[in-house]
Amino acid sequence: MNNPAAIRAIADLFARQTLAVLATDMGGHPYASLVAFAATADLRRVVFATIRTTRKFANLELNSRVSLLVDNRSNTPADFQEAAAVTVMGQAAEPEGAERERFAALYLSRHPYLEEFIASPTCALFVIEVERCVLVSRFQNVAEITFPP
Amino acid sequence: MKLVVTFADEETRDRDAVGGKGCALATLAAAGFTVPRTLCVTTEAYRRYLAATGLGERIAMALGRKDFADMRWEEFWDAALRIRNLFLNTPLPSNLREELAGELAPFAGMSVAVRSSAPAEDAVEASFAGLFESFVNVQGIETILDHIRLVWASLWSDRALLYRQELGLRVGESAMGVVVQELVAGERSGVVFGVSPDNPSLAVVEAVWGLNQGLVDGTVEPDRWAVARESGAILTHFTPQREACLSPAGGRVALIPLPTERADAPPLAEREVETVFALVRAGEELFGIPQDMEWTIHGGTLYTLQSRPVTSTGPDSDDLRPWYLSLHRSFDNLGALRRHIEEELLPAMEAEAAQLAAVDTAKLSDGELADAIRDRREARRCWEDAYRRDCIPMAHGIRLFGQVYNDLLRPDTPFAFMDLLVGTEMSAVERNRMLEDLADLVRQQPELREQLRHGIFPDDPEFGEQLAAFTARFGDLGWITGTTADDAPPLAGLIMELASRPPRPVAVSAGELTERIAAFLSRFPPEERRFGENLLELGRAAYRLRDNDNIILGRIDATLHAAIEEARQRISGRWSPDLEGLDIPGPGRIAKRVQPIRPNDAEHAAVGGPRVRVRQLVGQPAGRGIAGGPARVIGHPEDLRSFRAGEVLICDAVDPNMTFVVPLAAAIIERRGGMLIHGAIIAREYGIPCVTGIPGAVERIRTGDAVTVDGYLGIVTVATEG
């Protein structure tokens with residue numbers, strides 16, 4: 001963690017945004033989906049959920065490596081100066097037992113209206129173990145943050 | 001803004017702050033009317049509660065699953081119950097709770113009424129009272145706070161949702177005020193209309209013994225006086241059969257029999273009728289328009305409980321919403337209705353079905369056959385009317401039970417009460433069990449299968465006996481599947497298909513059910529246990545009757561089908577003047593409750609353009625579980641004949657006469673929405689995943705599509721290549 005400003009910017013994005021774009025691997029083809037997410041305070045883990053009949057779930061079963069984009073664009077020209085985006089890379093896995101409970105609680109604290117969804121046996125809760133973050137701000141400023149394994 | 005205000009406070013003149021009821025009461029009190037001691041909980045309290053708990057977003061989620069325009073009224077009830085459960089399970093944040101408890105402290109140790117007071121209610125509420133909830137005889141600060149949440153929840157009641165446009169209901173904007181009023185346990189109570197809805201020259205005074213709750217919800221019939229508006233002269237007095245009155249009992253109100261001296265006397269003397277009339281005239285003078293006022297007399301003092309304008313909207317025959325509101329019945333009212341249905345209506349319907357079925361139509365002359373068809377059509381029309389009048393309102397017993405269950409147990413899921421309604425010995429389940437028994441014989445004896453394959457019913461005596469017993473009770477199902485004499489016997493194919501897979505037992509064992517019931521009843525204090533048992537029995541009866549009445553109606557349909565089929569055979573071979581002009585339909589059209597579908601291939605077949613296909617559809621979870629299989633779209637009753645074991649049943653609407661294929665199904669998807677539709681009821685008996693309320697399900701899914709039905713979340717996924 002050698003760039004405190006970048007870390008703060010990522011933390012800010014994670015705190016303010018509720019939705020992210022998740023990319024999974026569909027037989028060698030990137031497959032993007034919009035998901036509701038929550039992140040741990042240390043930014044090392046990102047939680048999302050999906051039902052088990054979706055394409056992204058099928059993709060994750062075959063390849064757990066994912067990428068996730070979180071951004072704060074407002075769909076105006078000002079975005080080129082003001083918007084920030086972070087691309088998260090890592091590996092997704094389904095926690096079990098008490099682990100799942102813990103991450104489900106974190107997730108529901110951000111998205112209380114998804115309680116019924118999370119409680120369903122057909123819902124899979126995934127945690128991305130974050131390996132690397134790429135932060136883009138002011139159009140072309142790029143910082144890369146790697147987390148030790 | 002303050003959370004709680006008194007009539008002395010400025011806010012009570014602001015309708016947005018305290019709602020219509022609170023505002024009117026403050027105006028009355030200021031003008032010197034005798035009004036019970038009242039505190040108004042402002043809309044600010046509602047807003048703070050929603051903001052602090054995030055409930056607003058959850059309400060939006062519950063209402064946003066589907067476009068209102070696509071929702072059936074039954075689905076409004078489901079959505080309202082979900083929202084009500086959210087309020088029940090979301091406690092007041094502690095600071096808000098403490099503030100409110102402090103303000104309401106004057107009511108500690110007192111019985112109160114907790115009444116809804118919505119800012120927007122007057123326009124419609126005056127015409128259709130009871131869109132929102134009010135509770136009478138509530139005791140203790142904690143209980144009052146609980147009931148305030150229930151009144152808040154009723155801003156989103158099924159009835160309010162029905163009038164959402166008139167009320168201007170908007171999640172995030174609408175709010176509810178609450179009036180907390182000392183309960184005046186009047187000896188006589190009633191309602192007075194400053195102008196009669198039927199005759200503008202009259203006012204109407206209605207009165208009952210005891211509390212007026214019984215009058216308002218229709219449980220107790222009132223004495224009624226028509227008074228000339230001009231002169232104040234009493235013109236007529238209607239005397240009802242006075243039997244009972246509502247009276248505070250414990251933390252509820254109870255219907256108690258009237259002692260003879262009260263049953264024999266009108267609740268008001270003529271002089272008192274004049275006093276009540278004077279009250280409504282004074283109210284009209286104060287507000288400038290005729291009023292509809294609730295009043296009570298206690299210890300010789302006349303109290304005004306509430307006042308609202310009478311709106312002169314005449315009945316609009318195209319607006320069916322008042323009819324829906326009339327389905328909302330009280331416990332006592334439903335008890336009487338149940339006895340009528342079980343003891344009179346259904347036995348009479350069964351007797352007529354049996355009598356008609358005993359006539360061998362083949363032996364009738366053409367003229368007699370024509371008469372038989374006319375008679376049977378008339379019989380069906382009459383029984384359908386009775387069904388609509390009595391059986392449909394009976395379903396409210398299920399709702400009432402569900403509401404009490406949720407109030408008492410506060411379950412995580414609002415429909416947990418359905419678990420107590422399975423195993424009610426529905427006729428459809430009995431029918432399916434008899435079919436499984438026949439299939440069992442076929443499974444055991446391969447030679448029976450061979451005979452059935454060739455379209456002949458086996459000569460095995462046991463099989464023959466069971467088959468005869470089945471057809472005597474349920475017919476041969478040919479009238480449902482539109483089978484004619486030229487087709488293979490419909491039962492043969494069905495029994496073979498049932499025999500091709502292992503038997504499907506009902507999902508819940510008797511032992512499990514007994515445990516669930518015991519757990520439910522244990523939540524009642526001993527003195528209330530009897531009420532719990534009665535309520536459960538009413539709920540289970542309503543649930544069972546909802547299915548069974550259709551089965552009996554089906555037997556009337558079957559006799560009509562038999563007569564029509566006979567006529568069809570006769571006129572296909574020769575001309576018969578007697579059978580002319582009877583409008584004999586083609587085969588398969590008796591089972592009219594399946595809507596014929598118009599296949600919509602536009603999504604699939606835009607030539608040269610992009611191809612659009614459905615991948616995932618969201619409906620309402622109505623039967624737990626997840627399962628998949630090839631889709632079988634039932635567009636016409638005949639399609640039921642092709643149903644194969646392991647397929648997913650996709651239909652517009654099924655009635656209980658068609659649910660014999662359900663034990664074959666891997667899952668069920670129905671266009672009609674609601675937890676109480678027949679497809680869902682029978683699915684839960686077998687533990688089959690079921691999703692309801694998917695608009696265009698039959699058009700958007702095709703027979704053969706591989707579908708997965710998530711009955712936990714109400715999601716249907718259609719497999720697509722790639």
Problem - B:Pro91, sole failed condition from (1) at pLDDT 95 or above; (2) in a loop (DSSP other than H, G, I, E, B); (3) more than 35 Å from the chain's Cα centre (by Cα) - result: (3)
Handout entry: Some residue of the range A:129-140 being within 14 Å of chain B (Cβ to nearest Cβ) and exposed (fewer than 14 other Cβ atoms within 10 Å of the Cβ)
Key = no
Exercise for the section: Quick one: B:Met658 ticks every box in (1) in a loop (DSSP other than H, G, I, E, B); (2) open to solvent by less than 10 Å² (accessible area, probe 1.4 Å); (3) at pLDDT below 90 except a single one, so which number is it? Expected result: (1)
Exercise for the section: Take B:Ala631 and decide whether it is more than 14 Å from every other protein chain (Cβ to nearest Cβ) and either part of a strand (DSSP E or B) or modelled with pLDDT under 95 (or both). Expected result: yes
Exercise for the section: Please name all residue pairs, on different chains or six or more residues apart, with Cβ atoms under 6 Å, provided the first residue is in the range B:697-722 and is within 14 Å of B:Glu647 (Cα to Cα) and touching a residue at least 40 places away in the same chain (Cβ under 8 Å) and the second residue is part of a loop (DSSP other than H, G, I, E, B) and among the small types (Gly, Ala, Ser). Expected result: B:Ala706/B:Ala719
Completion exercise
With criteria (1) open to solvent by 40 Å² or more (accessible area, probe 1.4 Å); (2) more than 28 Å from B:Asp407 (Cα to Cα); (3) touching a Ser or Thr at 6+ places or on another chain (Cβ under 9 Å), B:Ala228 comes up short on (1)
Handout entry: Failed criterion for B:Ala153 (all others in (1) under 21 Å from B:Tyr49 (Cβ atoms); (2) at pLDDT below 95; (3) not in a loop (DSSP other than H, G, I, E, B) hold)
Key = (2)
Exercise for the section: Would you check which residues across the range B:423-453 are open to solvent by 10 Å² or more (accessible area, probe 1.4 Å) and under 30 Å from B:Thr514 (Cα atoms) and list them? Expected result: B:Gly423, B:Glu425, B:Ser427, B:Val429, B:Glu430, B:Arg433, B:Met434, B:Glu436, B:Asp437, B:Asp440
Fill in the blank from the handout: Within the range B:475-499, residues being crowded, with 17+ Cβ neighbours inside 10 Å and either within 33 Å of the chain's Cα centre (by Cα) or assigned to a helix (DSSP H, G or I) (or both) number 17
Exercise for the section: For A:Ala20, state whether it is under 15 Å from the mean Cα position of the chain (by Cα), away from every other protein chain (no Cβ under 14 Å) and not aromatic (Phe, Trp, Tyr). Expected result: yes
Completion exercise
A:Thr122 meets each of (1) crowded, with 17+ Cβ neighbours inside 10 Å; (2) among the β-branched types (Val, Ile, Thr); (3) over 18 Å from A:Ala39 (Cβ atoms); (4) more than 10 Å from every other protein chain (Cβ to nearest Cβ) with one exception, condition (4)
Exercise for the section: Quick one: count up the residues across the range B:429-474 that are in a helix (DSSP H, G or I), over 15 Å from B:Leu498 (Cβ atoms) and of a type in the set (Gly, Ala, Ser). Expected result: 4
Completion exercise
Here the qualifying pairs (Cβ atoms under 8 Å; residues six or more apart or on different chains; first in the range A:7-21 and more than 14 Å from A:Ala143 (Cβ to Cβ); second of a type in the set (A, V, I, L, M) and open to solvent by 30 Å² or more (accessible area, probe 1.4 Å)) come out as A:Leu19/A:Leu34; A:Ala20/A:Leu34; A:Ala20/A:Leu69; A:Val21/A:Ala32; A:Val21/A:Leu34; A:Val21/A:Leu69
Handout entry: the range B:1-52 - residue that is of a type in the set (Lys, Arg) and in contact with a Cys (Cβ under 8 Å, 6 or more places away or on another chain) and, of those, most open to solvent (accessible area, probe 1.4 Å)
Key = B:Arg13
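Does B:Thr304 count as modelled with pLDDT of 90 or more, touching a strand residue (DSSP E or B) at 6+ places or on another chain (Cβ under 7 Å) and polar (S, T, N, Q)?
For B:Thr304, the condition - modelled with pLDDT of 90 or more, touching a strand residue (DSSP E or B) at 6+ places or on another chain (Cβ under 7 Å) and polar (S, T, N, Q) - is met.
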Practice task
Pick out, from the range B:176-270, the strands (runs of 3 or more DSSP E) lying fully within it that include 3 or more residues that are closer than 30 Å to B:Leu3 by Cβ.
Solution key: B:177-182
Problem - Pick from the range A:41-55, criterion within 19 Å of A:Ala104 (Cα to Cα) and within 14 Å of chain B (Cβ to nearest Cβ), ranking: nearest to the chain's Cα centre (by Cα) - result: A:Ala49
Handout entry: All positions within the range B:702-719 that are facing chain A (nearest Cβ under 10 Å), among the hydroxyl-bearing types (Ser, Thr, Tyr) and open to solvent by 20 Å² or more (accessible area, probe 1.4 Å)
Key = B:Thr708, B:Tyr712
Handout entry: Candidate set from the range B:53-73 (those that are more than 12 Å from every other protein chain (Cβ to nearest Cβ) and surrounded by fewer than 20 Cβ atoms within 10 Å (Cβ to Cβ)); member that is nearest to B:Leu162 (Cα to Cα)
Key = B:Trp73
Handout entry: Every pair of residues 6+ apart whose Cβ atoms lie under 8 Å, when the first sits in the range B:500-522 and is part of a helix (DSSP H, G or I) while the second is of a type in the set (Val, Ile, Thr)
Key = B:Leu513/B:Val422
Practice task
Please find, within the range B:119-148, the residue that is most open to solvent (accessible area, probe 1.4 Å) out of those that are among the aromatic types (Phe, Trp, Tyr) and modelled with pLDDT under 90.
Solution key: B:Phe128
Practice task
Spot the failing condition for B:Asp705; the list is (1) under 18 Å from B:Arg65 (Cβ atoms); (2) in contact with a strand residue (DSSP E or B) (Cβ under 7 Å, 6 or more places away or on another chain), and only one is missed.
Solution key: (1)
Practice task
Report yes if some residue within the range B:639-650 is out of contact with any Pro (no Cβ under 9 Å at 6 or more places or on another chain), within 14 Å of chain A (Cβ to nearest Cβ), surrounded by fewer than 24 Cβ atoms within 10 Å (Cβ to Cβ) and assigned to a loop (DSSP other than H, G, I, E, B); otherwise report no.
Solution key: no
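The values are calculated or read from the model by the stated rules, or taken from the named source; none is laboratory data. Only a predicted model underlies this, so the values are computations on that prediction, with no experimental measurement involved. Note that we place each Cβ from the backbone using ideal geometry, even for glycine, and neighbour counts take in every protein chain shown. These area figures cover heavy atoms from the full protein model, side chains too; ligands, DNA and RNA do not enter into them. Shrake-Rupley method; radii C 1.70, N 1.55, O 1.52, S 1.80 Å.
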